[in-house]
């Protein structure tokens with residue numbers, strides 16, 4: 001059956017008219033509702049540490065040198081290191097990332113002054129790549145004590161603190177020199193008859209260069 005051009009044109013106009021009539025005059029843009037995100041509590045991301053060396057299968061304690069008996073000697077002039085630390089007691093320096101008033105940076109400065117090979121860095125574990133971990137009972141003058149976050153030892157978190165032992169007392173206490181105590185002051189202080197008192201969730205790590 002042949003369809004005239006006029007009929008074809010009428011049919012086409014009718015179909016377009018129907019389509020326009022079936023759709024809203026102004027299309028509403030789709031809206032993504034993110035309001036649920038603000039109503040949810042902020043997610044707490046727990047930083048975890050894989051203590052296994054993928055290549056060797058060794059726990060982190062054995063990746064770093066350890067001598068619980070404390071038989072390993074110091075590799076630097078302990079007296080020179082302590083002398084510099086003593087000379088700085090009562091002075092203060094700027095604080096902040098890698099600033100000279102920070103506790104770890106100060107301890108590193110003192111050990112290096114004695115010829116110590118303290119070249120590690122990055123986190124609280126890799127900082128001691130050239131040191132030997134010893135037991136607290138074997139700690140001696142020249143050793144470094146650091147409060148270590150148990151859940152993630154490689155994390156810089158509030159509570160990490162570093163001190164230099166200047167004397168091991170017969171009653172089991174120590175004389176120590178530390179920097180940035182109180183926190184943010186950059187002040188170098190000396191404390192006698194000191195006993196480690198790490199915050200909850202921390203432990204005492206003793207390192208010897």
How do 76, 174 line up, fewest other C-beta atoms within 10 Å first? 76, 174
Each label point is 7 Å from the Cα along the Cα-to-Cβ direction; what then is the distance between the points at residue 89 and residue 158, in nm? 3.0 nm
Got a sec? How would 170, 162 order by Cβ neighbour count within 10 Å, fewest to most? 170, 162
Computed lengthening from residue 130 to residue 71, 0.36 nm per intervening residue step minus Cα-Cα distance: 19.6 nm
What is the diffusion coefficient of the stretch 71-126 in µm²/s, taking the Kirkwood radius over Cα pairs and the Stokes-Einstein relation at 25 °C with a viscosity of 0.890 mPa s? 202 µm²/s
With the crude spin-label approximation of a point 7 Å out along Cα→Cβ, what separation in nm comes out for residue 183 versus residue 200? 1.5 nm
Over all alpha-carbon pairs in the stretch 74-208, figure out the percentage whose distance exceeds 26 Å. 12 percent
Tell me, 89, 163 in order of fewest to most beta-carbon neighbours within 10 Å? 89, 163
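Bear in mind these aren't lab numbers, they're just calculated from the coordinates by the rules spelled out. Note that this is a predicted model, so its numbers are computed, not measured. Positions of Cβ are generated from backbone atoms using ideal geometry, with glycine treated the same way; all protein chains shown enter the neighbour counts.
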